[in-house]
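Each remark here refers to the structure printed beneath this line.
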Amino acid sequence: MNWNRLVLGTVALLGLLGLTGAQRQVALPNEKKMGAYLFVFFTDPTHSLFMATSRDGYTFTAVNKGQPIIAGDTIAEQRGIRDPHIYRGPDGAFYMAMTDLHLFAKQKGYRATTWERDEKAYGWGNNRGLVLLRSTDLIHWTHHVVRLDEAFPELKDVGCAWAPETIYDAAAGKMMLYFTMRLGNGRTKLYYAYTDAAFTRLTSAPKILFEYPNPEIQILDADITQLPDKRFCLMYVAQEKPGGIKMALSDSIHSGYRYNPAWVDAEPGACEAPNVWKRIGEEKWVLMYDVFSIQPHNFGFCQTTDFATFNDIGHFNTGVMKATNFKSPKHGTVIHLTTKEADRLERYWKKK
C-alpha cells in the first residue's frame, strides 16, 4: 500500500472540497460516549506518523499493520516530522501539530548538510517550521507548514521550533498553539500563540508561556491539561541532570503558572515529551513520557488521582501497559475516541 500517495491524494481532495472552513461550536461527545483511545506517535527510523488504538487504555495496537499512516516526506519541508500531538477541537474536528524536522536528512539524501543551517549559529537540530493538520474523520487530512521566520520578522533568527501542542482557549475563543522555541543558539523556552480557525497559520506573535526560575536551565515539551477544579496543569521538561518532568499549576491557560521544584516522573535517567490523559470512566489520569535514556527507547507511565501523588506503572511491555505490534515509539499523545470512531479508523486501515 502506497501511503505516501494516499496522504497527498486526500490532502488535495480536502482542499478542493473546502473542508477547512471556520471553526464552530458543536455538541462534542462526552466521556460517557467514549469507548476507545487513540495514540499518535512517530519513530526515529521513519520520521513519519503512526496511529494505534486501544479499547481498554492498557493494550495498544497500531493500525495499518504497524506501518506509518502519513509519510513525513510528504508533508514537511525537512522531509520528516517529529513530536505529533492530537487534539479534538470545539468544532468536533481533530487537530494535529508536529515538528518539521528530520534528524537524518543528510543520510537520507534530503540535504547536503547535517542540519538545515549552521549548528554553531542555530544549534543542534535547528528548524524553522511547524506542520499543522486538520481532519473531521481521522482519515482525510489537510496540512500546512508554518514557517515562523517568514510569519514574524522578529523571528528571522529562530533557532528551533519544536513539540507543538494545541488546546482551545475558551476565554479567547481561539485555538492556542504552544511549543518550544529558541532564538539563534540560545536556550529553549516555552511559547504560545493563536491560530486561525482553519488551522493554517498563526494569527499572533509567540509570547512566553512559562519562565523557569533558573534562566540557565532549558525547558521544553509543554503539555497542558485542564483539571476537574478548572485549574490548568502544565507538564514540561527541565533539562537538569538528568532531565525530567516537572509540573506547574495556574488559573490561566497561558500565564501565571507557579513553579514547583518536585520531579513528577519515575525515571532514574532522562526522559521527555510528557502527555497527560484520563482513563475513561475513572478518576485516574495517566502521565506518559518518552524515556530516551534507555535502549531501546520506550515510554514510561505514571498514574494519579489527585495530581499530587504519581504512581509508577512501568514501561510498555514491562508493566500493565502493552504495545502489541510496534516498538520504540517516540513523543506521542493519547486522546479518547468513540467506539464508532475507532471502528471506522480500524476498518479503513484494514482495507489498505
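Among residues of the range 188-213 that are over 28 Å from Tyr259 (Cβ atoms), those with a Cβ under 9 angstrom from a residue that is acidic (Asp, Glu), sequence gap 6+ or separate chain, pair up as Ala197/Asp91; Thr203/Asp196. Taken together, Gly332, Gly314, Gly319 contain a single residue that is under 21 Å from Lys65 (Cβ atoms) and in contact with a Phe, Trp or Tyr (Cβ under 8 Å, 6 or more places away or on another chain), which is Gly332. The single condition among (1) surrounded by 15 or more Cβ atoms within 10 Å (Cβ to Cβ); (2) more than 16 Å from the chain's Cα centre (by Cα) that Ala205 does not satisfy is (1).
One residue alone among Arg258, Arg344 is open to solvent by 20 Å² or more (accessible area, probe 1.4 Å), among the charged types (D, E, K, R) and under 30 Å from Ile139 (Cα atoms), and that residue is Arg344.
Residue count for the range 263-274 under the criterion of being open to solvent by 10 Å² or more (accessible area, probe 1.4 Å) and either farther than 19 Å from Ser328 by Cα or not in a loop (DSSP other than H, G, I, E, B) (or both): the result is 3. Would you check which residues across the range 286-324 are under 19 Å from Arg55 (Cα atoms) and open to solvent by 20 Å² or more (accessible area, probe 1.4 Å) and list them? Correct list: Gln303, Ile313, His315, Asn317, Gly319, Val320, Lys322, Thr324.
Yes/no matrix, rows are residues, columns are (1) at pLDDT below 95; (2) open to solvent by less than 10 Å² (accessible area, probe 1.4 Å):
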| site | (1), (2) |
| --- | --- |
| Thr20 | yes, no |
| Gln23 | yes, no |
| Ala27 | yes, no |
| Ala52 | no, yes |
| Tyr58 | no, no |
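Residue check: Lys189 meets all listed conditions (1) out of contact with any strand residue (DSSP E or B) (no Cβ under 7 Å at 6 or more places or on another chain); (2) closer than 22 Å to Glu116 by Cβ; (3) of a type outside the set (Phe, Trp, Tyr) but one, namely (1). Could you tell me whether Asp343 is of a type in the set (D, E, K, R) and closer than 27 Å to Phe179 by Cβ? In short, no.
Test of understanding: among Gln295, Gln303, which residue is modelled with pLDDT of 95 or more, more than 19 Å from the chain's Cα centre (by Cα) and over 20 Å from Thr166 (Cβ atoms)?
Result: Gln303 is the single residue among Gln295, Gln303 that is modelled with pLDDT of 95 or more, more than 19 Å from the chain's Cα centre (by Cα) and over 20 Å from Thr166 (Cβ atoms).
Out of Thr113, Thr180, Thr99, which single residue is hydroxyl-bearing (Ser, Thr, Tyr) and open to solvent by 30 Å² or more (accessible area, probe 1.4 Å)?
Working: Thr180 fails: open to solvent by 30 Å² or more (accessible area, probe 1.4 Å); Thr99 fails: open to solvent by 30 Å² or more (accessible area, probe 1.4 Å).
So the residue among Thr113, Thr180, Thr99 that is hydroxyl-bearing (Ser, Thr, Tyr) and open to solvent by 30 Å² or more (accessible area, probe 1.4 Å) is Thr113.
Would you confirm, using the coordinates I've provided, whether Arg147 is more than 17 Å from Pro206 (Cβ to Cβ), of a type in the set (D, E, K, R) and open to solvent by 10 Å² or more (accessible area, probe 1.4 Å)? Against the criterion (more than 17 Å from Pro206 (Cβ to Cβ), of a type in the set (D, E, K, R) and open to solvent by 10 Å² or more (accessible area, probe 1.4 Å)), Arg147 does not qualify.
The values are calculated or read from the model by the stated rules, or taken from the named source; none is laboratory data. It should be emphasised that the depicted structure is a prediction, and the values quoted were computed from it without experimental measurement. A quick note on method: Cβ atoms are made from the backbone with ideal geometry, for glycine too, and the neighbour counts reach across all protein chains shown. Please note that ligands, DNA and RNA were not included when accessible areas were found on the heavy atoms of the full protein model with its side chains. Shrake-Rupley method; radii C 1.70, N 1.55, O 1.52, S 1.80 Å.
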